[in-house]
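J.: Sharing a structure with you now.
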Amino acid sequence: MRGVSFTPNLLNRLLNAVCDPHRNNRPHLGHVDFRRASFSKGVKFYNTLFSGSADFSQTSFSGETDFNRTLFSGFAQFIKASFSGSTSFNGTSFSWGADFAKASFSKYASFTGASFLKNTFFTDVSFSGDIHFNKASFSGDANFNRTLFSRDSNFAETSFSGETYFIGASFSGHAEFYAASFFGGAHFDTTSFSTDSSFTGASFYEIASFERASFSGHSNFDRTLFFNGAHFNKASFSKEVTWTRCRISTLSLDEAIAEKEMRVEAVADQVSARRMRAVERVTLRLRSARVDLTELVCSGAASVHALAQPIPNVPDLEDRPAKVAVTSLRGADVESLTLTDVDLSECTFAGMHRVDQIQLDGDCTFASGPGRRRMLAEEHHWQAQRHVERRGHPSCWHLAPAGVEVLGPRRIEVIYRQLRKALEEGKNEPGAADFYYGEMQMRRAAARGADRLLLWLYWAVSGYGLRARRALVWVLVVAVLSIAGMTAFGFPQNAKAQKATGTIVTPAGPQAVTLTIRQDDPAKNLPERLEKAVEVTVNAVIFRSPDTELTTAGRYLNIVVRILGPILLGLAILAIRNQVKR
């Protein structure tokens, strides 16, 4: 029947002739070949059974076409078929797959509830009207590569069991994938969404790839489940895009472009936005995730917020803490960045712009160092490298991950200074103390000669004015040494005598007089000497002159104590002030 032109009456007589009485009057056709046939008006294959292969390649359907509830037991081919009127394949079953490559649908087309049990091809198909695949099922691979959807397309509740391909497809109308299920890989690479697209409630059980896809309308991935990663690398978003109440294994936005607001609220394992470009606000509200923002450029505000409470109806990842860790801000350029309750113990800041404008809210934790000091991962890397070079192992320090540059102390000092400034401007003076300590440590490591010695002394006696106990210990040491020295050699052993000469007038005339003035006997027993030594030392610390006669050595010792005592006491007071300052 190749190339035959069919009228409705001729087709009806054909179907009646092949009607099988044992199948409830269901038309039954074996192998059929309608290649290049022409159906001038409406055609109805409703409830027909094609027990063999059916070839409708290059067939022209001029009117309405009805294949509803049709069963294709063999392979069905509609290659380059032309459907000029409305077309329905509702409830149709393709047992051995179907090939619609390069077919064209000029008007409304519906495959609602259709089932494709083998591989199906809609490659290079043109849908000029609305298209419905809602509640359809694809048991094999489904190929929609380079397909053109000129108007609205509906894949709601559709099930894709095999690999699904929409590579290079174009959705000019609204694209609806509500509650769709993708059990195999879903490939939307270089796909174009010209208007709004919705994947609300969809489930991706294998990799979901949207690399280089273009989203010109609003994009909605709310309540979407990505069990094996979602890749939007180099994708572009012209309007708002949201991932809210999602569970995502890995969300990759590397080199993506977002021209409007981007919001992510998800339980995730990994979120990567390396070299992403954003024009407006970027909001990441996460649980469990490790976040990489290397070279992120955002003209608006950006925030990473670790959610304290679970997201409703989204279970947390098993065997993963709920804490969110930002692992890299290297080279990032953000107008304003807010980090709330995040773990920064592995975060690297090298090359980040406007570090001094970061806002650290809530409980943001850093790597710990000696004395439980908060420190940067960059210092850990530098210390580890230095220990490896000297001792052959990193000791308690953490080595830099592969591909991460190990900075020198000069560059680390600058990062510490900028973070300290950010906390001080946020009125968090106590929190800035550790960064000042780290800044001074790196300055001392980079200094040479007398500068290094001076900084070492500053560190040794007071921890750069931040360790009150260390300064108080030194005050106590100086006081003990002063008391011991005064007791041993600070007081004279013998009393001194002074003579005064003069003349007095007597009845007998002027007489020369000599007066000898003896001081009190000096303290000789140990308790008295200790008591006087304590008194002299206390007076020296508060910068008062002693009232007791001292030996030459005692006077010099007193001078030293009068210099060191107030300095050390002042450093202790300064350290206490830095700890309690608001």
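J.: When region 102-116 is examined, which residues are found to be in a loop (DSSP other than H, G, I, E, B) and closer than 23 Å to Ile167 by Cβ?
T.: Within region 102-116, Lys102, Ala103, Phe111, Ala114 meet the criteria.
J.: Here's a follow-up. Can you tell me which residue within region 141-154, out of those that are touching a Gly at 6+ places or on another chain (Cβ under 9 Å) and either modelled with pLDDT under 95 or outside any loop (DSSP other than H, G, I, E, B) (or both), is surrounded by the fewest Cβ atoms within 10 Å (Cβ to Cβ)?
T.: Across region 141-154, the extreme among qualifying residues is Ser153.
J.: State which residue is nearest to Gly129 (Cα to Cα) when the search covers only region 166-203 and only residues that are buried (at least 24 other Cβ atoms within 10 Å of the Cβ) and of a type in the set (Phe, Trp, Tyr).
T.: Among them, the one singled out is Phe171.
J.: Same structure again: Only residues that are modelled with pLDDT under 90, closer than 19 Å to Arg467 by Cβ and among the acidic types (Asp, Glu): list them for region 425-455, please.
T.: Result: Glu429, Asp434.
J.: Go through region 231-286 residue by residue and tally those that are among the β-branched types (Val, Ile, Thr) and either farther than 22 Å from Thr190 by Cα or crowded, with 22+ Cβ neighbours inside 10 Å (or both).
T.: 8
J.: Looking only at region 414-469, count how many residues are among the basic types (Lys, Arg), within 16 Å of Met375 (Cβ to Cβ) and under 25 Å from the mean Cα position of the chain (by Cα).
T.: Residues in region 414-469 being among the basic types (Lys, Arg), within 16 Å of Met375 (Cβ to Cβ) and under 25 Å from the mean Cα position of the chain (by Cα): 2 in total.
J.: Here's another thing I want to ask about it. Show me the strands (runs of 3 or more DSSP E) found entirely inside region 324-386 where at least 3 residues are among the polar types (S, T, N, Q) and in the same structural domain as Leu293 (by TED's automatic domain parsing).
T.: Where strands (runs of 3 or more DSSP E) fall fully within region 324-386 and carry at least 3 residues being among the polar types (S, T, N, Q) and in the same structural domain as Leu293 (by TED's automatic domain parsing), they are 333-340.
J.: Output the number of residues of region 369-390 satisfying the condition of being within 23 Å of Ala402 (Cβ to Cβ) and surrounded by fewer than 18 Cβ atoms within 10 Å (Cβ to Cβ).
T.: Of the residues in that region, 6 qualify.
J.: Which pairs do you get when a residue that is on the phi > 0 side of the Ramachandran plot, found in region 180-206, comes within reach of a residue that is among the charged types (D, E, K, R), reach meaning Cβ atoms under 6 angstrom, with the pair 6+ apart or on two chains?
T.: Once the first residue is on the phi > 0 side of the Ramachandran plot and sits in region 180-206, its partners that are among the charged types (D, E, K, R) give Thr190/Arg212; Gly201/Arg223.
J.: Collect the residues in region 311-365 that are β-branched (Val, Ile, Thr) and under 15 Å from the mean Cα position of the chain (by Cα), keeping them in residue-number order.
T.: Once the filter is applied, which keeps residues that are β-branched (Val, Ile, Thr) and under 15 Å from the mean Cα position of the chain (by Cα), region 311-365 yields Val324, Val326, Thr327, Val334, Thr338, Thr340, Val342, Thr348, Ile358, Thr365.
J.: Could you list, in sequence order, the residues of region 49-68 that are farther than 19 Å from Arg36 by Cα and modelled with pLDDT of 95 or more?
T.: Asn68
The values are calculated or read from the model by the stated rules, or taken from the named source; none is laboratory data. What you see is a predicted model; the values in this text were computed from it and never measured. For neighbour counting, all protein chains shown are included, and Cβ atoms are generated from backbone atoms with ideal geometry for every residue, glycine included.
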